[in-house]
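What follows is calculated from the coordinates using simple rules that are stated; it is not laboratory data. Note that the coordinates shown come from a computational prediction; the quantities given were computed from them, not determined experimentally. All Cβ positions, glycine included, derive from the backbone under ideal geometry; neighbour counts span all protein chains shown.
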Amino acid sequence: MDGAQIGTVVLEEQGLSVLLADGSPAYFNSWWLRDNCPTSFDAETRERTFDIFHHATTPRPAAARVEGDVLIVDWAGEGHVSRYPLAMLAGYAAGAPRPDPADLPRRAWFADHYPNLTRVAHADLLESGGERRRWMEALLVEGVAIVTDMPDSDEALTRTAELAGTIRPSFFGAYFDVRTHVKPTNLAYTSKALELHTDVPAEELAPGIQYLHCRANSVTGGLNLFLDGMAVANDLREADPEAFRLLSEIEVPFYKEHDDIDMRARQRVIELDRHGEVSGVTLSQHMADIFDLPQRVLDSYYPAFVRFGRMLQDKKYVMRFTLRAGECITFDNHRIVHGREAYSATSGERHLRGTYTDRGELRGLYRALVSEGRFR
Ligand SMILES: [Fe+2]
């Protein structure tokens with residue numbers, strides 16, 4: 001180290017070392033320090049207002065010292081002094097990502113999960129931060145929860161979804177009505193069985209959180225099928241690591257064509273988070289395009305794909321139940337795979353109204369809720 005010792009601070013070529021409150025030494029780069037001077041952030045908007053790109057010279061401390069629990073840096077040639085709480089610096093000393101309260105460990109669930117599903121009453125959700133937190137935690141940890149006692153109105157769905165984000169449309173529109181349509185554009189709009197799928201992978205960014213508000217359900221048949229795609233993918237990882245690798249690395253095409261639209265996107269069937277853990281799956285037989293991969297690759301891809309698809313149907317995973325009028329099932333569309341059995345269209349009425357919000361926005365609202373506004 002060829003720097004100059006000033007109290008507990010050592011100036012170095014490109015930064016400085018300082019003893020933190022716990023006595024441990026920590027190094028900080030001068031550009032990083034200058035960029036993150038507490039005066040760089042606007043108190044009202046909380047946004048960064050300092051622009052490092054307009055800083056004409058390389059930041060260099062002329063002097064630095066610790067007073068109490070604050071590091072004070074006098075920047076050479078600028079007449080600017082920065083004051084950094086040592087507690088703030090300690091959070092970045094290890095170079096590790098800032099702790100994320102929304103990074104909750106996911107919990108896999110199986111076919112017997114129905115009685116244990118998180119249930120929250122609509123009115124409680126609107127009134128209680130604690131209930132909103134319980135609901136959001138279920139969405140983050142288990143990927144699914146049921147909102148009960150929903151008023152029989154379009155507005156009830158909007159109000160529920162807007163608690164976890166902004167309504168985000170798909171190319172079917174901002175809302176969709178799952179019932180028998182006269183001229184269906186989608187299997188969901190018929191009374192036929194709907195194979196296990198995640199919604200709309202033909203969009204580059206498939207919808208994040210899905211809400212299905214059951215407005216009426218008096219038909220014979222039409223059992224709802226839901227399963228935790230993460231649970232299946234984790235079991236595949238154990239049983240057949242090579243199949244898991246193929247499904248998590250190779251992108252396959254999805255599409256949706258109808259009179260005036262030609263949607264296309266490529267997705268991985270198994271989605272991993274930045275820790276390498278399974279965070280979701282993407283499946284849709286009715287939107288899977290013809291796989292345009294080299295045929296030799298398909299020699300190994302198809303057996304992996306079919307093995308996974310067969311595992312999904314296993315009794316071990318599929319939760320079967322009837323969504324009742326007044327219930328709204330809310331779930332992570334990138335993790336929870338859903339479908340339904342066929343029903344008799346003449347036996348009664350079946351109407352589910354749906355919409356979506358974004359996964360990232362759910363996480364952002366959850367973080368704010370748990371930290372009660374104190375984000376740093
Ligand atoms: Fe669906």
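Partner lysines whose Cα lies under 18 Å from the Cα of Lys192, excluding those fewer than 8 positions away in the same chain, are identified as Lys183. In a GNM of the chain with a 10 Å cut-off on Cα contacts, which of Gly280, Gly68, Gly364 has the highest mean-square fluctuation? Greatest mean-square fluctuation among the candidates belongs to Gly68.
Model label points for Thr58 and Glu44, set 7 angstrom from Cα along the Cα-to-Cβ axis, are 3.8 nm apart. Restricting the trypsin sites (Lys or Arg not before Pro) of the range 206-290 to loop positions (DSSP other than H, G, I, E, B) with no more than 12 neighbouring Cβ atoms within 10 Å leaves Arg274. Candidate membrane-span-like segments in the chain, meaning DSSP H helices with Cα atoms spread over at least 24 Å of their own axis and a Kyte-Doolittle mean of -1.0 or above, are 295-313, with no membrane implied.
Note on the chain: GNM, Cα springs under 10 Å; of Ala206, Ala21, Ala164, the largest mean-square fluctuation is that of Ala21.
The simple Förster model, with R0 at 25 Å and r as the Cβ-Cβ distance, assigns Asp299 and Glu249 a FRET efficiency of 0.95.
When you filter the trypsin sites (Lys or Arg not before Pro) in the range 18-72 for DSSP loop state and at most 15 other Cβ atoms inside 10 Å of their Cβ, you are left with Arg46. Distance distribution note for the range 121-172: the fraction of Cα pairs above 14 angstrom is 55%.
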